[in-house]
1. Taking loop as defined by DSSP and a crowding limit of 10 other beta carbons within 10 Å, which trypsin sites (Lys or Arg not before Pro) in the stretch 342-386 fit?
2. Loop only per DSSP, at most 10 neighbouring Cβ atoms within 10 Å: give me the trypsin sites (Lys or Arg not before Pro) in the stretch 1-103, ordered by residue number.
3. Shape of the stretch 205-381 from its Cα gyration tensor (a ≥ b ≥ c, root eigenvalues): rounded if a/c is under 1.5, otherwise prolate when a/b > b/c, or oblate?
4. Positive end of the charge dipole of the stretch 5-106 (Lys, Arg +1 and Asp, Glu -1 on Cβ, about the Cα centre): tell me which of A83, T43, S26 has its Cα farthest that way.
5. Would you work out the charge dipole size for the stretch 437-491 about its Cα centre, treating the Cβ of every Lys and Arg as +1 and the Cβ of every Asp and Glu as -1, and quote it to the nearest 20 debye?
6. Within the set of other residues whose C-beta is less than 10 Å from the C-beta of R431, count the net charge using Lys and Arg as +1 and Asp and Glu as -1.
7. Grab the other residues whose beta carbon is less than 12 angstrom from that of D96, score K and R as +1, D and E as -1, and report the net.
8. What ³J(HN,Hα) values, in whole Hz, does the Karplus curve 6.51 cos²θ - 1.76 cosθ + 1.60 give for the stretch 3-9 when θ = phi - 60°, with x put for Gly and Pro?
Amino acid sequence: MPQHRFASFAIALPLYRIFEYRIDDSEPVIAGTRYRLPFGPGTRSGILLEVSDRSEFDAEKIKPVEERLDVEPVLGEHILALAKWMSEYYLQPPGDVIFQCLPAYLRGVRAYQPLRVKRWQLVAPEKGQIDAVIPALERTSPRQFEICQALLSASAGLTALEFKAINANWHPVVKALEAKKIIHWDWDDKPMGPPVAPELPRLSEEQDAIVQAIEPLMRQFAVHLLDGITGSGKTEIYLRLIQNCLAHGQQVIYLVPEIGLTNQLIDRVRARFGECFAISHSGLTEYQRYQAWDRFRRAEASIMLGTRSSLFSQCEHLGMIIIDEEHDHSYRQEDGVRYHARDVAIKRAQMLDIPILLGSATPSLESIANCERDTFFRYRMDHRPTRFDPPPIDLIDVRDSRFDFGCAAKTFERIDAHLQNSGQVLVYLNRRGFAPIVMCHECGWQAQCRNCDARLTLHQSQHALLCHHCGYNQGLPESCPECGHDEIKHYGIGTEQLEQGLNQRYPNTPVLRVDRDVIASREALKSRLEQLQTGEPCILIGTQMIAKGHDYPAITLSVVLDADQALFSASYRASERLTQTLLQVCGRSGRGDRAGEAVVQTRFPEHPLMQALQRRSYREIADELLAERRLLGFPPFARVVIFRSDAQELEQALSRLETIKALLLQSTRYKELASIGPMPALMTRRIGRYRAQLCLLATDHRLLRSVLAEAWPAIQEVPSTPRANWTIDIDAYDL
Ligand code: ADP
Ligand code: ZN
Ligand code: ZN
């Protein structure tokens, strides 16, 4: 009889458990390798965690594994330990957490084989007399000739990617040349060469002092916050410290917000370090992201430059983690496994005893509070190394103004002046589409989404009404569906209408619109940004996508059209967010050799926050907001946990949460917490489901954890079904 042991596996399921299978004694047992496992009527991929000689269950009933998928583990010990911490801290299902640390490409049952790249070269001349063959190709097969010409001037040979740049349909051409024995390929195993050594800009005094302060701390855990105004040269500091790591044979993870990964940054990293970096973001295919992950893992790339999930990239010699724009909301994952990449990154750095660098012109209140608690080092940068500091914010009082497509006359005066002065102008309007409200004047009917508690937005170019939450769309009604009146009106301005209006008003100036509707691909974005790069006068309009991350020296005016709504938001985060957005938008201007201006249209110039934006620095505003939060007992001086439920009926969602609340009530100290709900969520109906929430708030972190710990074993058992599911959100972003 074959001897066997019992192995525990993580399976990607939203269940708070791991699964046991039998495994042959002859199997090499390596944690982090994947197996195909029988599961229900089919099979699933599972990641091996631990092996034991005994099982609590009836050994005969435990199924054997089917097959090992990987020769080497896909997840190393360190990432498994990090996932374990995440699962315990965020109370997320362990299997889900572990699988989301893998590139999506490996989450199924595909075997992992380290990727290698082919490299083609011309065969040696003495073997095939290719010197004579190639010129002959020019006439008979120009495309083959073209490839050969490129190979002739590339002594190291070329890869598929490089062929593709020469000829999109390279494959048959290369195959034909192989068949003729003119070229051949080999695996490209050579590690990337040492970083190139370009000429470096001289650091400003501010920058130099910071590099000097951090460098001695590079071999130990510490959180360093670069709190520097927009354009103060934070990126330059990252690059210097990366260089320090590479010189010590270490690798670096460099995270940027989803839309921050512009070609500008990529070009800058390439100019400094050559090709020894990998890129990963949501615009790439699963396979491309897997390639990036694998190159970093094999140390073929020393830098992983990517968005949120790149945090889970593995490597042997991680030396530092960088989080640029650390305040950015896109670092929080809000669906599936909920976590905050900044906080997990800090944990990862601590586990590895390496430094982590956070940078922002508008640091999160969490990070500022951490500096005050002396757990983070804070470095201030108050000047731009270029000629001009960021412009102060100038309020344009539009209480008595007439508007043309959202802009007041005084705003046009500013735009006119800058365009005449050959400047580029950025206009920020965080609302895409043509108009956000469509209604009947006769009876008051408004176009509403069928699936959500939300209005439909008019998208004129598509002749459609669209829901921005669920994607539902319908044609424009000819007449009012309620009363039959034949005049339907729209109100409010979106970027589509703004673009149309500005095009009419400035027929000789290019108007570049950047929002999700026009930027289907990164290529489209790239071509628009290249126009900005030329420095010619133009108007850039767009949503959040244009608010941050870029550095175009010809922009001399930033205009914010509609900021007022956020002044009256119910969210306690609204003031922080508005301040950050406005300062980021305004900080795009004046980066070159001309001073910039920044204007904000408002109907509420007397509002305390508007006044503060005009008069005070971010730090002063942040300190005031922090004082307010402390007084109110809100984060970062309190922790928030939200149980959420969505269901086919509101009653079902509420009742799931009542069940959970009843379990919490049994814990000894529940009464000391503040709890709100269960109650319907802000947008109660979304994508056809009713949503409710139960919110817990405590200024004492340990109290909240102890209540949760006590109730958790019972809460885990509360069923979460498609009819009515529930999830938990630790350190929830909003209430
Ligand atoms: P941040 O990351 O703080 O927004 P960047 O590092 O992008 O700032 O710097 C803003 C601009 O200043 C860039 O165009 C950059 O090339 C330039 N810059 C940064 N450091 C220096 C320096 N020491 N000398 C000259 N120019 C610099
Ligand atoms: Zn009507
Ligand atoms: Zn909808």
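1. Details: sites: R342, K347, R348, R373, R378, R380; in loops: R373.
Listed in order of number, the matching sites are R373.
2. Numbers: sites: R5, R17, R22, R34, R36, R44, R54, K61, R68, K84; in loops: R17, R54.
Those satisfying the criteria are R54.
3. Working: a/c = 1.44, a/b = 1.22, b/c = 1.18.
It is rounded, given that a/c, with a ≥ b ≥ c, falls under 1.5.
4. The listed residue farthest towards the positive side: T43.
5. On the way: 3 positive and 6 negative charges, 52 e Å.
Roughly 240 debye for the stretch 437-491.
6. On the way: positive: R432; negative: E496, D515, D562.
So the surrounding residues net to -2.
7. On the way: positive: R17, R107, R338; negative: D335.
Value of the local net charge: +2.
8. 7, 9, 10, 10, 10, 9, 10
The values are calculated or read from the model by the stated rules, or taken from the named source; none is laboratory data. All values reported here derive from a predicted model rather than from experimental measurement. Every residue, glycine among them, receives a Cβ derived from its backbone with ideal geometry; neighbour counts consider all protein chains shown. When the accessible area is computed, the model is the full protein with side chains, heavy atoms only, and any ligands, DNA or RNA have been set aside. Shrake-Rupley method; radii C 1.70, N 1.55, O 1.52, S 1.80 Å.
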